[in-house]
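Here is the structure we will look at, set down as structure tokens.
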Amino acid sequence: IYLDIIKNQAESAEIYQKLGYICQKSNRLSQAIEHYERADLLSPDNTWTLKRLAQCYKRKRNYEKALFFFKKVEQTSPDNLKNTLQIGECLIKLEKYEEALPYLHKVEYLEKTPDNARRAIGWCYFIQGKYEEALKYYNLLLQEESPAKQDWMNAGHTYIGMKQYPQAIEHYTKAKELCQSHTEFLEIVNEDKQQLLTLISEEDLSILLDLVV
């Protein structure tokens, strides 16, 4: 219906926004981006459009473009903490950890439920080899009523970095308890395997994982 409307009347940013939203919800991200960019051309720098463009590019793993649009949103909505967190997450994907941290710390300080920011801060410090700082944030997450398996896992990674292997096994065991199967547990470990192999040999990692009960 919206395509028919565009054929029979002057172009409208609002109609292109709606077309983009329909395509985004239908997981047709390239078409969504095309419609949103047309909307942005007709009505430049509309915050709603910019947010959706950023979301689509992030889902397509084009983090440079996503960051560009999240930062445009920041210009008009500097106090939007969700957007601030998105900027930090894009910078992590681009391996710009020092640049990400101020955004993440801002969210952690101001957000009422800062778990996602703490999770991202912990990962930044872990990647940088600042294990004591990383562990501080993972411990905050693990003090929550129902810690996530990824938090136990990341704390285990951090203990490997600190060469405290019994603690790593203990935290991996907690992560495994929250998995539906041993296969799921190993799949989660493998997601971070490249980073772990900078800290421990593949043989030693295999032995350590065998000790997880």
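Worth a mention:
- Filtered residue count, region 87-130, keeping only those that are open to solvent by less than 40 Å² (accessible area, probe 1.4 Å), free of Cβ contacts under 8 Å to residues at least 12 places away in the same chain and of a type in the set (Val, Ile, Thr): 0
- Enumeration of residues in region 139-160 that are touching a Leu at 6+ places or on another chain (Cβ under 6 Å) and open to solvent by 50 Å² or more (accessible area, probe 1.4 Å): Lys149
- Set side by side, the residues Ile5, Ile33 differ, and just one is more than 29 Å from Ile92 (Cα to Cα) and not aromatic (Phe, Trp, Tyr), which is Ile5.
- Thr158 vs. criteria among the polar types (S, T, N, Q) and within 30 Å of Thr49 (Cβ to Cβ): no
- Residues of region 1-25 satisfying the condition of being open to solvent by less than 60 Å² (accessible area, probe 1.4 Å) and among the small types (Gly, Ala, Ser): Ser12, Ala13, Gly20
- Residue check, Glu99 charged (D, E, K, R) and either at pLDDT below 95 or farther than 17 Å from Val213 by Cα (or both): yes
The values are calculated or read from the model by the stated rules, or taken from the named source; none is laboratory data. Everything numeric in this text was worked out from a predicted model, so none of it was measured. Cβ: placed from backbone, ideal geometry, glycine included. Neighbour counts: every protein chain shown. SASA here: full protein model, heavy atoms, side chains in, ligands and nucleic acids out. Shrake-Rupley method; radii C 1.70, N 1.55, O 1.52, S 1.80 Å.
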